[in-house]
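The values are calculated or read from the model by the stated rules, or taken from the named source; none is laboratory data. Owing to the predicted nature of the structure, the values given are computational and were not obtained by experimental measurement. Note: ideal-geometry Cβ built from the backbone for every residue, glycine included; neighbour counts use all protein chains shown. These accessible areas exclude ligands, DNA and RNA; they are computed on the full protein's heavy atoms, side chains included. Shrake-Rupley method; radii C 1.70, N 1.55, O 1.52, S 1.80 Å.
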Amino acid sequence: MKKIGVLPWLTFAALPVQAAWDLDALMKSLARHEGGRARFVETRNIALLDKPVVSSGELFYQPPARLEKRTVKPKPELMVLDGETLTLERGRQKFSLRLSEQPEALAFVDSLRGTLSGDRAALEKSYKLKLDGDERRWTLDLLPSDQRLAAFVLRITFGGTKNRVEWIRYLQADGDSATMTIEPVAAK
């Protein structure tokens, strides 16, 4: 019988233990995020247009259900998601929509809220989830599991680091797409 020396055992014992990085770990990490403000730049590729439409502004997220998107360029616009109500303001026009009356819109909105709040159960109601990467650099693909939603959205991908979403990419069924980069704004 071969003797195992003490030194290899000590070397093995001194190695740091890496926590398993999986979908549950990501969701727990995202759930700990306290919300806040961020700058965004969104680039939309629309088949009917010759060049992409680029917009920028500020986001505000208050877990678990309030999200504001204040677009400054190219034209001022305010979109507020508060609970089950989506409100859009452009100039003097104001439009509100109850999400419970629009199941496809609700599923799309829940992809944002579910990811930002780390609510795996909410995401899995409408999407198949696929996580790649590790805690330092991850991507989460949401693939519609509902055919009505798949008629509009092919894939939504979130990318980030630790408990922070840094970008979101939408690929619509009609071929249009949008990518939003997100940069946190330090609290004052």
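Answer yes or no: is there a residue in the stretch 21-43 that is modelled with pLDDT of 50 or more, farther than 23 Å from LEU81 by Cβ, part of a loop (DSSP other than H, G, I, E, B) and open to solvent by 30 Å² or more (accessible area, probe 1.4 Å). Quick ask: steps written out before the conclusion?
If we filter the stretch 21-43 for residues that are modelled with pLDDT of 50 or more, which is where we start, we get 21-43.
This time we only want the ones that are farther than 23 Å from LEU81 by Cβ, so: 21-25, 28.
Still in the running and part of a loop (DSSP other than H, G, I, E, B): 21-22.
Next cut, open to solvent by 30 Å² or more (accessible area, probe 1.4 Å) only: 21-22.
Yes: one or more hits.
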For this session: Name the residue, out of VAL72, VAL80, VAL53, that is out of contact with any His (no Cβ under 9 Å at 6 or more places or on another chain) and open to solvent by 70 Å² or more (accessible area, probe 1.4 Å).
Result: VAL72
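Answer yes if at least one residue in the stretch 55-67 is modelled with pLDDT of 90 or more and assigned to a loop (DSSP other than H, G, I, E, B), and no otherwise. Spell out how you get there, then give the answer.
Let us first name the residues in the stretch 55-67 that are modelled with pLDDT of 90 or more, namely 55-62, 66-67.
Retained after the next criterion (residues that are assigned to a loop (DSSP other than H, G, I, E, B)): none.
No.
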Exercise. How about the stretch 98-150: which helices (runs of 4 or more DSSP H) wholly inside it have at least 2 residues that are among the small types (Gly, Ala, Ser)?
Worked result: 103-117, 120-124
Seminar exercise, completed: Scanning the stretch 155-178 for residues that are in a strand (DSSP E or B) and farther than 23 Å from SER29 by Cα, the one least open to solvent (accessible area, probe 1.4 Å) turns out to be ALA178
For this session: Could you list all residues from the stretch 132-154 that are open to solvent by less than 40 Å² (accessible area, probe 1.4 Å) and farther than 19 Å from GLN172 by Cα?
Result: TRP138
